[in-house]
Amino acid sequence: MMKTVLITGANRGIGFELVKQYLKSGADVYAVCRHTSEALSATQAHIIEGIDVTSPGCIESLRDQVPVLDILINNAGILRDEVLGQIDYASVQEQWQVNTLGPLRVTETLLSHIRDGGKIAFITSRMGSMADNTSGGRYGYRMSKAALNAAATSVAHDVAHRDISVAILHPGYVQTEMVGGRGDIAPAEAAQRLCTRIDELNMSNSGTFWHSNGSELPW
């Protein structure tokens with residue numbers, strides 16, 4: 001049976017590669033973004049642009065544009081850099097709005113559109129792990145991803161009665177615009193790995209924290 005998948009932050013990077021992967025698998029894909037890209041527009045995805053995940057009004061309008069979903073992938077996010085002693089608190093708040101409240105807002109608003117037995121994936125980061133933090137810095141990003149992990153864990157408990165499973169996934173250090181093209185894995189490979197992890201997701205591993213390479217991560 002054809003799956004219906006919604007992906008946020010779908011116009012570039014990991015999000016765009018996820019769109020391509022799911023289209024290749026035969027899924028009906030809804031690609032959500034603020035502004036589409038030439039590459040995204042050339043795909044067969046249903047493109048819903050003009051959606052800012054920090055805007056309640058935008059997310060309400062999104063709810064009216066999508067059908068029943070099998071998989072919701074919260075991928076949209078931003079990365080900034082802060083150094084202790086020179087922290088830009090406006091930057092920290094911006095990352096909190098996009099990386100933490102945005103995915104939670106999308107999930108809560110679209111929850112009635114996710115079928116029983118469906119799946120929700122949160123693309124987070126191992127930089128939100130306390131145990132894995134050995135270098136400090138990146139205050140806004142680390143804090144926003146740690147909070148996202150906490151929110152995703154709560155969502156996993158709260159939707160379990162509907163047999164909806166929740167993935168909390170670190171894509172890897174991916175060569176995207178977000179990190180200036182640095183990284184050790186291409187977006188296409190990261191997306192392929194993420195799709196595998198989502199495919200393996202079930203109620204027994206719902207709410208756990210995984211690297212896209214298949215290794216479980218510490219909180």
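From the square roots a ≥ b ≥ c of the eigenvalues of the alpha-carbon gyration tensor of segment 10-70, which class results: rounded (a/c under 1.5), prolate (a/b over b/c), or oblate?
Numbers: a/c = 2.18, a/b = 1.38, b/c = 1.58.
Oblate, because a/c is 1.5 or more while a/b does not exceed b/c.
Of Thr100, Thr107, how do they rank once you tally other Cβ atoms within 10 Å and put the fewest first?
Numbers: Thr100 23, Thr107 20.
Fewest to most other Cβ atoms nearby, the residues stand as Thr107, Thr100.
Just grab the label-to-label distance for Gln86 and Arg182, each label 7 Å out from Cα along the Cβ direction, in nm (one decimal).
Calculated label separation equals 1.5 nm.
Sequence gap at least 6, Cα distance under 8 Å: using those rules, report the relative contact order of the chain to the nearest whole percent. Please report the intermediate quantities before stating the final value.
Numbers: 453 pairs, mean separation 41.7, N = 219.
Normalised by residue count, the contact order of the chain is 19 percent.
I need Val98, Val92, Val29 ordered by Cβ neighbour count within 10 Å, fewest first.
Values: Val98 21, Val92 17, Val29 26.
With the sparsest Cβ surroundings first, the list reads Val92, Val98, Val29.
If a/c stays under 1.5 just call it rounded; otherwise compare a/b with b/c (prolate if a/b is bigger, oblate if not). Do that for segment 4-211, with a ≥ b ≥ c from the square roots of the Cα gyration tensor eigenvalues.
Numbers: a/c = 1.40, a/b = 1.26, b/c = 1.11.
Rounded, since a/c falls under 1.5.
Using 0.36 nm per residue, how much length does the chain from Trp219 to Arg115 gain when fully extended, once their Cα-Cα distance is taken away? Walk me through the intermediate numbers first.
Values: separation 104, 0.36 × 104 = 37.44 nm, distance 2.88 nm.
Full extension from Trp219 to Arg115 adds 34.6 nm.
Exposure proxy check: Lys145, Lys24, Lys3 ranked by fewest other beta carbons within 10 Å?
Working: Lys145 25, Lys24 11, Lys3 15.
In increasing order of surrounding Cβ atoms, one gets Lys24, Lys3, Lys145.
Can you tell me the dipole magnitude for segment 4-211 around its Cα centre, using point charges on the Cβ only (Lys, Arg +1; Asp, Glu -1), in Debye to the nearest 20? Intermediate results must be reported in sequence, preceding the final value.
Values: 17 positive and 22 negative charges, 53 e Å.
I would put it at about 260 debye.
Given the -39500 (n - 2.57) contribution per DSSP H run of 4+ residues, what per-residue ellipticity at 222 nm results for the chain, rounded to the nearest 500 deg cm²/dmol?
-10000 deg cm²/dmol
If you stretched the chain out fully between Arg162 and His211, how much longer would it get, using 0.36 nm times the residue separation minus the C-alpha to C-alpha distance? Don't jump to the answer; show the numbers that get you there.
On the way: separation 49, 0.36 × 49 = 17.64 nm, distance 2.55 nm.
My answer for the length gained is 15.1 nm.
Rounded, prolate or oblate: which fits segment 110-177 when a ≥ b ≥ c are the square roots of the eigenvalues of the alpha-carbon gyration tensor, with rounded for a/c under 1.5 and prolate only if a/b beats b/c?
On the way: a/c = 2.87, a/b = 2.05, b/c = 1.40.
Judged from the Cα gyration tensor, segment 110-177 comes out prolate (a/c at least 1.5, a/b above b/c).
Give me, ordered by chain and number, the residues 5 or more places off Ile114 or on other chains with an amide H under 5 Å from its own placed amide H.
Those qualifying (amide H under 5 Å, at least 5 residues apart or on another chain) are Leu69.
Starting from the 7 Å offset along Cα-to-Cβ, what nm value, one decimal, do you get for the label separation of Ser25 and Ala150?
Computed distance between label sites Ser25 and Ala150 equals 3.1 nm.
For segment 51-107, with the dipole built from +1 on Lys and Arg beta-carbon atoms and -1 on Asp and Glu ones, taken about the Cα centre, which of Asn99, Gln65, Ile51 lies farthest toward the positive end?
Checked the options; the winner is Gln65.
Here, each number is a calculation from the coordinates, and none is a lab measurement. Values in this document were obtained by computation on a predicted structure and should not be read as measured data. Virtual Cβ from ideal backbone geometry, glycine too; neighbours counted across all protein chains shown.
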